[in-house]
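Some notes on the structure that comes next.
The values are calculated or read from the model by the stated rules, or taken from the named source; none is laboratory data. Just so it is clear, the model here is predicted, and its values are computed rather than measured. As a convention, Cβ positions derive from the backbone with ideal geometry for all residues, glycine included, and neighbour counts pool all protein chains shown. In case anyone asks, the SASA skips ligands and DNA or RNA and just uses the protein heavy atoms, side chains included. Shrake-Rupley method; radii C 1.70, N 1.55, O 1.52, S 1.80 Å.
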Amino acid sequence: FTPLLVDALVRINDIPESAAKTIASELQGISDNQRWLEILRGNYSKKVEGEDTHRTIRVVDFDTPSNNHFAVTNQLKFKEGQDKGHIPDLIIYLNGIPVVVIEAKSPLSPGQNTWSAVSQIRQYEENFPRLFAPNLFNIATNDLTFLYGATGSPAEFWMRWRDPWPRKTSEFFDSSAQGVYALLEPHRLLDILAHFIIFETRDGKTIKKMCRYQQYRAVDKMVERV
């Protein structure tokens, strides 16, 4: 949402609102997911009006997590051209930027399992690429099963986050509650954004990858030990 992005740019970078609006407009024209990851991590510079040189413009404040704005939409409809439109169940916004799409199914509905939710998200990605330009990862759940996958991941690479370290599984009511904490608790979401998503090129093909729960746990333990 543009007003939230403009507010964040002003708040984090201490720039005029007019400059923030110009930057927000420029960012909205970027469609490359890898470039968006770089921008979210702070690899973006701009010459601000009234200043002589370029300077780094931060879209996310990693130093002060409370300085960021988190929002969730419920049943937000997307429609382009003659398409009848689609309605993702939940979208997570970080400073007005859509970073996670969640598709939720009822555990009581026959045929509406987690894998049908994965298929639906894949359809969203194909039909509405603009929504997924800045996307980090996506989630599919029916309360009994909670899966996540990086942007564009085929179904076979969607996985469960089995260990909510440093908390314990017994602390959570169900797999969805555990998954929401493990992936979306604000500090953890910022940590995943900053350190645990990569693009890897092999044989001329670039693939987006995201950590598994054991990698997240191991890296943070090593950092603590050092």
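For region 115-174, a residue qualifies if it is open to solvent by 30 Å² or more (accessible area, probe 1.4 Å) and assigned to a strand (DSSP E or B), and the qualifying residues are MET159, ARG160.
When only residues in region 70-95 that are within 30 Å of ALA194 (Cβ to Cβ) and among the aliphatic types (A, V, I, L, M) count, which is modelled with the lowest pLDDT? My answer is LEU76.
Within the set THR201, THR206, the sole residue that is in contact with a helix residue (DSSP H, G or I) (Cβ under 9 Å, 6 or more places away or on another chain), in a strand (DSSP E or B) and surrounded by fewer than 18 Cβ atoms within 10 Å (Cβ to Cβ) turns out to be THR206. Whenever a residue of region 199-222 is over 20 Å from GLU38 (Cα atoms), its partners that are open to solvent by 60 Å² or more (accessible area, probe 1.4 Å) and of a type outside the set (Val, Ile, Thr), lying with C-beta atoms within less than 7 angstrom and at least six residues away or across chains, give the pairs ARG212/MET159; TYR213/ARG162. Among the residues of region 22-56, those identified as at pLDDT 95 or above and basic (Lys, Arg) are ARG35, ARG41.
Table: residues versus (1) of a type in the set (Phe, Trp, Tyr); (2) more than 17 Å from ARG130 (Cα to Cα).
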{"site": "GLU26", "(1), (2)": "no, no"}
{"site": "ILE30", "(1), (2)": "no, no"}
{"site": "HIS69", "(1), (2)": "no, yes"}
{"site": "THR73", "(1), (2)": "no, no"}
{"site": "PHE78", "(1), (2)": "yes, no"}
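Against the numbered list (1) within 24 Å of ASN138 (Cα to Cα); (2) touching a residue at least 12 places away in the same chain (Cβ under 8 Å); (3) in contact with a Pro (Cβ under 9 Å, 6 or more places away or on another chain), GLY50 comes up short only at (1).
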